[in-house]
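Since the structure comes first, as structure tokens, the remarks are kept for the end.
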């Protein structure tokens, strides 16, 4: 029993030492990983793909407002205008976020030099590049599925009920003077 406790303690201590002594990633490794992972290109592709999702959301907004399943010319124009506003807003947010710097800082925050070297090695393979190129498709389909879930009647009803419950609770509290 004492051997198990000693062995377990040793393993735990050594894992803490490995974490404590993991070397910080170098700027060169971060940039190489970002370049090989095509993060900036994937982000641009995701934003482009998001445009169609935002257009679909704009159509649903107009359909909900008008109660029409099929939009007339005026409603289609309104949906296009709303879709463009949503896309412009998204692009402005991304520009303000300075995505290349943000991505670089996140790589530095979450990856050690050793992890980046393994990632770089993986991305340098055809399999790594193939997997990496499929990421935007996974993200796009995930966003589309979430949007579909959020726009279905059952989810909207549940959201309205939750909002009403929150409002009821807040209404029971005194207001600030």
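What follows draws every value from the coordinates through simple rules; no lab data is involved. This one's a predicted model, so the numbers in the text were calculated from it and none came from an experiment. We place every Cβ from the backbone using ideal geometry, glycine too, and count neighbours over all the protein chains shown.
Full extension of the chain between residue 170 and residue 84 gives 27.4 nm of extra length, using 0.36 nm per residue less the Cα-Cα distance. Here are several values of log10 I(q)/I(0) by the Debye sum over Cα atoms at q = 0.11, 0.14, 0.15 Å⁻¹: [x] -0.47, -0.79, -0.92; [y] -0.47, -0.74, -0.83; [z] -0.80, -0.97, -1.01. Which one was derived from the coordinates shown? Matching entry in [x] -0.47, -0.79, -0.92; [y] -0.47, -0.74, -0.83; [z] -0.80, -0.97, -1.01: [z].
Using only alpha carbon pairs under 8 Å that are at least six residues apart, calculate the relative contact order of region 24-140 and give it in whole percent. Walk me through the numbers on the way to the answer.
Working: 77 pairs, mean separation 58.9, N = 117.
Normalised by residue count, the contact order of region 24-140 is 50 percent.
Taking the longest Cα principal axis of the chain as reference, the axis of helix 153-171 is set at about 90 degrees.
Once both labels are positioned 7 Å from their Cα atoms along Cα-to-Cβ, the gap between residue 93 and residue 131 label points is 3.0 nm. The stretch between residue 146 and residue 66 holds 26.5 nm of extra length on full extension. This uses 0.36 nm per residue minus the Cα-Cα distance. The angle separating the long axis of helix 126-151 from the principal Cα axis of greatest extent in the chain is about 40 degrees.
Modelled label positions at residue 40 and residue 52, each set 7 Å beyond Cα in the direction of Cβ, lie 2.6 nm from each other. Specify the angular offset, from 0 to 90 degrees and rounded to the nearest 10, of the alpha carbon long axis of helix 2-20 from the longest principal axis of the alpha carbons in the chain. Orientation of helix 2-20: about 70 degrees from the principal axis.
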